[in-house]
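Remarks on the structure that follows.
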Amino acid sequence: MKATKNFLNLNWAGLMVCLAIAVPSFLLGREFPIIGGAVISIIFGMIISMFWHDKGKATQGIKFTSKYILQGAVVLLGFGMNLGVVLQTGQQSLPIIVCTIATSLFIAWALHRVMNISGNSATLVGVGSSICGGSAIAATAPVIDADDNEVAQAISVIFFFNVLAAILFPILGSMIGFSTISGEAFGIFAGTAINDTSSVTAAAATWDSMWGLGTATLDKAVTVKLTRALAIILIVFVLALLKAREAKKTGHNATGFSLKKTFPMFILYFVLASVFTTVVVNQGIPAEYFEPVKELSKFAIVMAMAAIGLNSNVIKLVKTGGRPIILGAFCWAGITAVSLFMQHIMGIW
């Protein structure tokens, strides 16, 4: 009881501020899914931070939200994944997914060195571009100890190319001759070349409406996107090991190897949540029962983004944003080209 009271005394003000930003942002995100609640929330937070310099008693709660609410959101995301269904229906797109992820990560690594972009920023943009946008950034940021400015910058870059993809990809699909009687090719293209779920669904739904395909393209795109999202588990684990190796070299890990310190435990809980969902769904429990938990995870991410926005320096973001945007452009172009090339050689398009 005393611990709870101390926690509330330290954090209640910051939690209430983040909650006050998150509620309207979440509702606006439903009205404008191509933008999404997370982006709206981080923008609101950044605007407020321009005028609210001394956050006083709210400081601790804002920090708690940006770190621990964010980790909790990632765990809750696991309840939205039935691993069996995703793996079964995603086999066709797996080679494309592997190639697009490898391409984006390689481009991020190469340009990090060539353009002298910070390692954390390059990692966040590369992972966000290659896997699933804001969710991947949310999972990766605590592992690599990225600060709130780096997270805000990566989210902004990913958002910019999400919007472009949602608008331009249906036009591109028509120009290059994707089938208009089947949503398969465009669904795979959207699921592998667009990073955020909101923009994947926006582009796929547009293609369905353009050619009267019902939800065929949307169903395909979302399934491919969920398969792609599973890469979060492997990527974050590898990053955690690399971070531990770096810490050992620099002497920050003087006490030796610790699995708990090396591996981000919230990712383990994410995996366990996914396994739990898979088991109970296979036992006959409808997947729709997990919808409230999935909605809660989305809201928690929106709330965490409010905190990150509040901790961001907008002027610094503007001054340093050029190179990450260029990096994001190269990652986006690389993923798009590889997705089209792989579909072509596999005979899908």
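The values are calculated or read from the model by the stated rules, or taken from the named source; none is laboratory data. Everything numeric here is computed off the predicted structure, so don't read it as measured data. In this analysis, Cβ positions are derived from the backbone assuming ideal geometry, glycine residues included, and neighbour counts consider all displayed protein chains.
Side notes on the structure shown:
- Failed condition for His252, given (1) part of a loop (DSSP other than H, G, I, E, B); (2) modelled with pLDDT under 85; (3) in contact with a Phe, Trp or Tyr (Cβ under 8 Å, 6 or more places away or on another chain): (3)
- Of all residues in region 155-181, those satisfying the criterion of being surrounded by fewer than 24 Cβ atoms within 10 Å (Cβ to Cβ) and either among the acidic types (Asp, Glu) or not in a helix (DSSP H, G or I) (or both) are Gly177, Ser179, Thr180, Ile181.
- Selection within region 306-329 - under 16 Å from Val39 (Cβ atoms) and either in a helix (DSSP H, G or I) or at pLDDT 90 or above (or both): Ala306, Ala307, Ile308, Gly309, Leu310, Val314, Leu317, Pro324, Ile325, Gly328
- Restricting Ala152, Ala146 to those that are outside any helix (DSSP H, G or I) and aliphatic (A, V, I, L, M) reduces the list to Ala146.
- Being surrounded by fewer than 24 Cβ atoms within 10 Å (Cβ to Cβ) and touching a Leu at 6+ places or on another chain (Cβ under 7 Å) is a property that Asp219 lacks.
- Annotation note: of Glu288, Glu295, the sole residue that is more than 17 Å from the chain's Cα centre (by Cα) and either part of a helix (DSSP H, G or I) or at pLDDT 90 or above (or both) is Glu288.
- Qualifying residue in region 193-206 (condition: over 19 Å from the mean Cα position of the chain (by Cα), not β-branched (Val, Ile, Thr) and not in a loop (DSSP other than H, G, I, E, B)): yes
- When residues in region 48-61 are screened for being free of Cβ contacts under 8 Å to residues at least 60 places away in the same chain and out of contact with any helix residue (DSSP H, G or I) (no Cβ under 7 Å at 6 or more places or on another chain), 4 of them pass.
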